[in-house]
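None of the figures in this text is laboratory data; all of them are computed from the coordinates on show. Here the structure is a predicted model, which means the values were calculated and not measured. With ideal geometry, Cβ positions are generated from the backbone for all residues, glycine too; neighbour counts draw on all protein chains shown.
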């Protein structure tokens, strides 16, 4: 009997090592990894530049309190602000923590402005913002909130894509609108650029804040550093995690000057957030992602992947209903059961993961080669053919 609390339905397989886009199991089999730790291993497994950064920093200094200045933290913060809308960054360890920081920042902004009643945040059905209590109730998925006592108040949910419901939900108590730029867990649903522009306009008109959750789709996953860059808009607050750490626990909340005004010493903190080792890893990840041509290659490979999947959609019209996503955040909506289909894919040595709306998520590392995408397509083709 395992001593690990049973909060996951784990596959009966474990891995001894990983390299690039591949994982090597203890059973001797080699798997093409299009899960990437659920959009985490942006540089693939054990990228040499990242490994060197960990080795080098771990020999010097691993942890020091945020009561002191941390040069590696300042370096990463400046690179993130230089390449985004943000003026400031607060570092944490995970996506849920980054979301919690976003909620606190939005509420504190209006409190300091003398409007403490403006503390409610509008979210969307089908969203996923993390597993802490506030993040759970922000998304309000009944399967996730059941049994965890009184709901955390302060969130008003509207149907995804319902503009009329959104406008009706905004009141004099609304502090912010929070939405994933691309819904990940919710089925890889991309918010159209014109809708993002519309959200920015609504927030400006109503004098509320715009929080764009880029925990899963940010840091190059979409083919741009941030998925909202396609819409050429500037949000007020953006939580990130997953890809920025490349496999190392690291999250952050990016915030503009206006939204940051309520945050003073003592209003937020994290014991481990922004430690020198995590910061060195984050900087190593950005070294690669910010290289000239890297993001363009992600965008190009993502389009190639989607084009090939669309060909399979035409070939298997009775099994594939839709191909969606941006960059290397790709979803395939099936008419057949996604869980059962993933078993076929797994048997053929490709790793993928499910999402809502009967979707399978395909999240290769950003360094994936075209040949590896072709191999994945062949495996999906074979699995569709086998599925009865």
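Some points to look at:
- Surface/4 of the Cα convex hull for region 289-388, nm²: 5.9 nm²
- For the chain, the longest principal axis of the C-alpha atoms and the axis of helix 48-58 are separated by about 50°.
- The calculated 222 nm mean residue ellipticity attributable to helices in the chain amounts to -11500 deg cm²/dmol, summing -39500 (n - 2.57) over DSSP H runs of n ≥ 4 and dividing by all residues.
- Modelled FRET efficiency - R0 25 Å, residue 297 with residue 52, Cβ distances, 0.05 increments: 0.70
- Using alpha carbons only: equivalent-ellipsoid semi-axes of region 145-210, gyration tensor based, whole Å: 22, 18, 10
- Calculated FRET efficiency for the pair residue 24/residue 315, C-beta based, R₀ 25 Å, to 0.05: 0.20
- Across the chain, C-alpha contacts under 8 Å between residues 6 or more apart give a mean separation that, scaled by the residue count, equals a relative contact order of 23 percent.
- When peptides 146-157, 277-288 are sorted by average Cβ neighbour count within 10 Å, with the highest value leading, the order is 277-288, 146-157.
- Rounded Å value of the spacing that divides the Cα centres of region 1-63 and region 314-388: 21 Å
- Counting only DSSP beta bridges with both residues in region 49-289, the antiparallel share comes to about 45 percent.
- The angle between the Cα long axis of helix 95-112 and the longest principal axis of the Cα atoms of the chain comes to about 20 degrees, rounded to the nearest 10.
- When the inverse distances between all different Cα atoms of the chain are averaged and flipped, the Kirkwood radius reads 21.6 angstrom.
- Derived from the Cα gyration tensor, the three semi-axes of the equivalent ellipsoid of region 191-335 are 31, 22, 13 Å, largest first.
- When the Gaussian network model of the chain links Cα atoms closer than 10 Å, the mean-square fluctuations of 68, 341, 226 top out at 68.
- In region 212-291, the ratio of gyration radius to Kirkwood radius, Rg to Rh, stands at 0.98 when only Cα atoms are counted.
- Nearest-ten-degree value, helix 71-82 long axis tilted from longest Cα axis of the chain: 90 degrees
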